[in-house]
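Undergrad: Got a structure here, written out as structure tokens. Questions coming.
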Amino acid sequence: LACGDVEGKLNALFNRVRSIQKKSGDFDLLLCVGNFFGTTAEAESEWVEYKTGAKKAPMQTYVLGANNQETTKYFPDIDGCELAENITYLGRKGVFIGASGLQIAYLSGTEAQHEPAPAYCCTSKDVTALKSSLTASSKFKGVDILLTSQWPKGVWQYGNNLEGIDIKSCGSISVAQLAFALKPRYHFAALEGANYERLPYRNHMTLQENAQHVSRFIALANLSNSSKKKYLYAFNIMPLSSMDPVELVKQPEDVTENPYRKMTKEFQKAKLGETAAEESQFFFDLSKREGKKRSSEGGRPSPHQSKQPRKPPQPTGPCWFCLASPEVEKHLVISIGTHCYIALAKGSLTPDHVLILPIGHHQSVLELPSEVIEEVEKCKLALKNFYKSIGKRFVMFERNYRSQHLQLQVVPVPIQCCATDDIKEAFIVQAEEQQMELLEIPEHSDLKQIIQPGSAYFYVELDSGEKLLHRIKRQFPLQFGREVLASEAVLNIPDKANWRECKYSREEEEEFAKAFRKGFQPYDFSLLE
């Protein structure tokens with residue numbers, strides 16, 4: 001049994017538990033989240049009866065610590081202790097393992113808003129320590145149960161409707177991060193006076209990771225609520241360690257996306273900032289790049305602005321892709337035309353994964369002059385024909401988001417791996433999983449007719465000529481295109497989804513480039529003209 005805020009009404013709780021046991025039989029444990037103790041004189045006198053042994057809890061009861069200053073007096077040992085017969089305080093944080101192997105992780109208190117943290121608060125250090133103690137093991141799959149008093153921030157994302165809760169003030173980011181890391185099969189919380197049984201959510205990324213068990217979040221109301229909101233929850237659970245792996249990972253029909261994944265990524269800005277060129281696969285810093293905004297003081301250009309001839313665009317810092325730049329790794333270059341060149345991708349998915357790049361500095365296809373676009377099309381056709389000759393499909397994508405120089409990523413997919421429709425479906429399904437709209441656009445359409453200059457977007461082109469487009473409005477996963485192609489549904493090399501995991505020596509890169517040039521030579525228009 002799990003219970004919400006008892007608030008010192010111990011007689012009412014245990015009388016209700018006894019009546020449930022009469023109807024349903026004995027339960028192994030009673031797990032209490034939220035405020036177990038109350039702040040009234042009546043609550044204190046009730047507790048004295050249990051503390052002195054005059055009364056006894058009908059079953060083994062585990063409780064979390066204080067959530068306010070008034071009730072800290074009931075917890076003599078911060079690390080957990082027996083408070084009365086059959087009533088045990090679990091402690092500030094930790095893992096309780098039952099005789100059956102059931103793993104119950106717990107975190108007491110509410111998230112501290114300042115330092116030093118009051119005795120009834122948990123800190124980011126507590127959360128990190130608890131996470132590390134469990135996830136450090138390579139065999140860690142998750143915990144059976146997570147007990148917290150506070151709700152996790154954002155748990156309602158992608159879930160069923162939540163009524164009567166102020167989502168701006170509700171929940172803790174630290175608890176959300178904990179739930180994301182520990183992957184509990186059941187997560188119980190309280191404090192909000194509401195009963196919310198969220199739809200189950202998945203703990204893996206479809207197409208990219210093997211299936212994992214789902215998690216269920218259940219918030220319980222306070223025992224004394226007058227609206228008959230549910231405050232007790234009965235459930236059967238077999239320890240994760242004892243379950244058949246196939247049964248464990250079965251996905252119910254109503255399973256949703258993980259509510260914490262996106263938020264956790266956004267919160268960990270340091271990780272996002274580590275590599276401003278994550279998908280570009282080169283090491284150059286975009287953090288200083290400032291997008292030039294249009295003036296908000298009217299749309300007219302000044303007279304002298306309109307008279308000045310347009311200067312070719314210039315990079316705002318060192319650019320690894322402008323061919324004249326000393327930063328370019330020349331040994332990766334495959335072919336050089338008049339306006340474009342083709343180069344092997346750094347940290348490539350496959351040895352024949354290449355980039356089509358403008359020689360001059362242009363940020364996206366939208367900014368390319370007509371003569372450059374014409375040569376880009378020649379590059380695409382040459383690569384399509386080359387890949388076809390070696391039994392591979394042409395897949396190209398562009399991400400105009402947090403990038404400084406246009407890179408058209410071209411990844412060949414062996415024909416025996418999957419059909420073009422499978423590749424298309426993989427992109428669309430994975431986009432849906434991440435709550436992104438990837439739309440099919442007409443094959444002969446021009447991006448310039450669809451998207452305004454300066455807009456962020458992600459674009460895919462398949463060997464069939466089919467095109468997919470996503471307009472980026474806020475955040476976008478930098479390695480999305482690569483992750484889809486590396487997934488089990490396409491190339492089935494998920495360990496290469498992160499380009500940082502695909503490091504090759506200069507000698508290996510030179511061998512890849514040499515082999516590619518030799519095979520590509522009959523199709524290289526720059527040599528034929």
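The values are calculated or read from the model by the stated rules, or taken from the named source; none is laboratory data. Quick caveat: nothing in here was measured; it's all calculated off a predicted structure. With ideal geometry, Cβ positions are generated from the backbone for all residues, glycine too; neighbour counts draw on all protein chains shown. Just the protein is used for accessible areas: all its heavy atoms, side chains included, with ligands, DNA and RNA removed. Shrake-Rupley method; radii C 1.70, N 1.55, O 1.52, S 1.80 Å.
Undergrad: Taking the Cα-to-Cβ direction at Asp421 and at Glu437 and moving 7 Å from each Cα, how far apart do the two end points lie in nm?
TA: The two pseudo-label positions are separated by 2.6 nm.
Undergrad: With all protein chains present, how much of the accessible area of the chain (probe radius 1.4 Å) comes from carbon and sulfur, to the nearest whole percent?
TA: Carbon and sulfur: 49 percent of the exposed surface of the chain.
Undergrad: Hey, another quick one. Over the heavy atoms of Thr338, what accessible area does a 1.4 Å probe trace out, to the nearest 10 Å²?
TA: Roll a 1.4 Å probe over it and Thr338 shows about 100 Å².
Undergrad: Write down the radius of gyration of region 2-264 and its Dmax, each obtained from C-alpha positions, in Å.
TA: Final numbers for Rg and Dmax: 17.9, 58 Å.
Undergrad: Whose amide H sits under 5 Å from the amide H of Val214, counting only residues 5 or more places off or on another chain, with H placed in the peptide plane?
TA: The list, which skips near neighbours in sequence, is empty: none.
Undergrad: Could the peptides 176-182, 42-48 be put in order, highest first, of the mean number of other beta-carbon atoms found within 10 Å of their residues?
TA: 176-182, 42-48
Undergrad: Counting only C-alpha contacts under 8 Å and six or more residues apart, can you give the relative contact order of region 2-264 as a whole percent?
TA: The normalised contact order for region 2-264 reaches 18 percent.
Undergrad: Right, next: Straight-line reach from Lys262: which lysines have a Cα under 20 Å away, not including same-chain ones fewer than 8 places off?
TA: Lys131, Lys153, Lys168, Lys183, Lys271, Lys473
Undergrad: Let me ask something else. So what is the relative contact order of the chain, in percent, for Cα pairs below 8 Å that sit 6 or more residues apart?
TA: 10 percent
Undergrad: Show the residues, 5+ positions off or on another chain, whose built amide H is closer than 5 Å to the amide H of Ile472.
TA: Close amide H contacts, sequence-distant or interchain: Ala456, Tyr457, Phe458.
Undergrad: Under 15 Å Cα to Cα from Lys229, which aspartates and glutamates show up? Leave out anything in the same chain fewer than 8 places away.
TA: Asp5, Glu163, Glu192, Glu197
Undergrad: Here is a further query. Can you tell me the length gained on complete extension of the stretch Asp446 to Ala54, counting 0.36 nm per residue apart and subtracting the Cα distance?
TA: 133.0 nm
Undergrad: Additional query: Could you state the number of Å between the C-alpha centres of region 403-471 and region 1-51?
TA: Spelled out, the Cα-based centre of one part sits 57 Å from the other.
Undergrad: To continue, here is another question. Label points 7 Å out from Cα along the Cβ direction at Ser464 and Val246: separation in nm?
TA: 3.3 nm
Undergrad: A further question on this structure: Go ahead and run the numbers for FRET between Ala515 and Ile493, Cβ-Cβ distance against an R0 of 25 Å, rounding to 0.05.
TA: The calculated FRET efficiency here is 0.85.
Undergrad: Could you point to the residue in Gly481, Leu469, Ser169 farthest towards the positive end of the chain's charge dipole, with +1 and -1 charges on the Cβ of Lys/Arg and Asp/Glu respectively?
TA: Ser169
Undergrad: Per-residue counts of other Cβ atoms within 10 Å, averaged by peptide: what ranking do you get for 239-246, 109-116, highest first?
TA: Packing order, densest peptide first, comes out as 109-116, 239-246.
Undergrad: Karplus couplings for region 29-46 from phi (6.51 cos²θ - 1.76 cosθ + 1.60, θ = phi - 60°), rounded to Hz, Gly and Pro as x?
TA: Values per residue, Gly and Pro as x: 9, 10, 10, 10, 10, x, 7, 6, 9, x, 10, 8, 5, 4, 5, 5, 5, 5 Hz.
Undergrad: Students often forget the sequence filter, so: which aspartates and glutamates lie under 17 Å Cα-Cα from Lys330 once same-chain residues fewer than 8 apart are removed?
TA: Correct list for Lys330: Asp352, Glu507, Glu508, Glu509, Glu510, Glu511.
Undergrad: Let me ask something else about it. In a shell of Cβ-Cβ distance under 14 Å around Thr110, excluding Thr110 itself, what net charge do Lys and Arg (+1) and Asp and Glu (-1) give?
TA: -2
Undergrad: Further, regarding this structure: Kindly rank 378-387, 476-485, 96-105 from highest to lowest mean number of other beta carbons found within 10 Å of each residue.
TA: 476-485, 378-387, 96-105
Undergrad: Can you give the charge dipole size of the chain about its Cα centre, rounded to the nearest 20 debye, using +1 on the beta carbon of Lys and Arg and -1 on the beta carbon of Asp and Glu?
TA: 760 debye
Undergrad: Given H placed 1.01 Å from N in the peptide plane, which residues other than close sequence neighbours of Thr88 have an amide H under 5 Å from its amide H?
TA: Amide H to amide H, under 5 Å and 5 or more residues apart or across chains, Thr88 pairs with Thr61, Tyr62, Val63, Leu83.
Undergrad: Calculate, for Gln69 and Tyr504, the FRET efficiency according to 1/(1 + (r/R0)^6) with r their C-beta to C-beta distance and R0 56 Å; round to the nearest 0.05.
TA: The value I calculate is 0.45.
Undergrad: Separate question: Mind running the shape call on region 29-109? Use the C-alpha gyration tensor, a ≥ b ≥ c as the square roots of the eigenvalues: rounded below 1.5 for a/c, prolate if a/b tops b/c, oblate otherwise.
TA: oblate
Undergrad: Work out the FRET efficiency for Ser325 and Lys228 from their Cβ-Cβ distance, taking R0 = 60 Å, and round it to the nearest 0.05.
TA: Efficiency computed from Cβ-Cβ geometry: 0.30.
Undergrad: Using the Karplus curve 6.51 cos²θ - 1.76 cosθ + 1.60 with θ = phi - 60°, what ³J(HN,Hα) values do you get for each residue of region 395-412, in whole Hz, with x for Gly and Pro?
TA: Values, residue by residue: 10, 10, 9, 10, 10, 8, 7, 6, 9, 9, 10, 3, 10, 9, 7, 10, 10, x Hz.
Undergrad: For q = 0.15, 0.19, 0.20, 0.23 Å⁻¹, what log10 I(q)/I(0) does region 62-114 give under the Debye formula with an equal point scatterer on each alpha carbon and no solvent?
TA: -0.44, -0.67, -0.73, -0.91
Undergrad: For region 365-371, take each phi angle, set θ = phi - 60°, evaluate the Karplus expression 6.51 cos²θ - 1.76 cosθ + 1.60, and give the result in whole Hz per residue in order, putting x for glycine and proline.
TA: After applying 6.51 cos²θ - 1.76 cosθ + 1.60, I find 4, 4, 9, 6, x, 4, 5 Hz.
Undergrad: Still on this structure, please answer the following. What does the charge count near Leu207 come to, summing +1 for each Lys or Arg and -1 for each Asp or Glu among other residues with Cβ under 9 Å from its Cβ?
TA: -4
Undergrad: Using helices alone, I'd like the mean residue ellipticity at 222 nm for the chain: each DSSP H run of four-plus residues gives -39500 (n - 2.57), total over residue count, nearest 500.
TA: -7500 deg cm²/dmol
Undergrad: Modelling each spin label as a point 7 Å along the Cα-to-Cβ direction, I'd like the Asn210/Phe525 distance in nm, to one decimal.
TA: 4.6 nm
Undergrad: Rounded, prolate or oblate for region 330-527? Axes are the square roots of the Cα gyration tensor eigenvalues, ordered a ≥ b ≥ c, and the cut-off for rounded is a/c under 1.5.
TA: Rounded is the answer for region 330-527, as its axis ratio a/c remains below 1.5.
Undergrad: In the calculated pair distance distribution of region 453-529, what percentage of Cα-Cα distances lie above 17 Å?
TA: 68 percent
Undergrad: For the chain, with every protein chain kept in place, what is the accessible area per residue (1.4 Å probe, Å²)?
TA: About 50 Å² of surface per residue is accessible.
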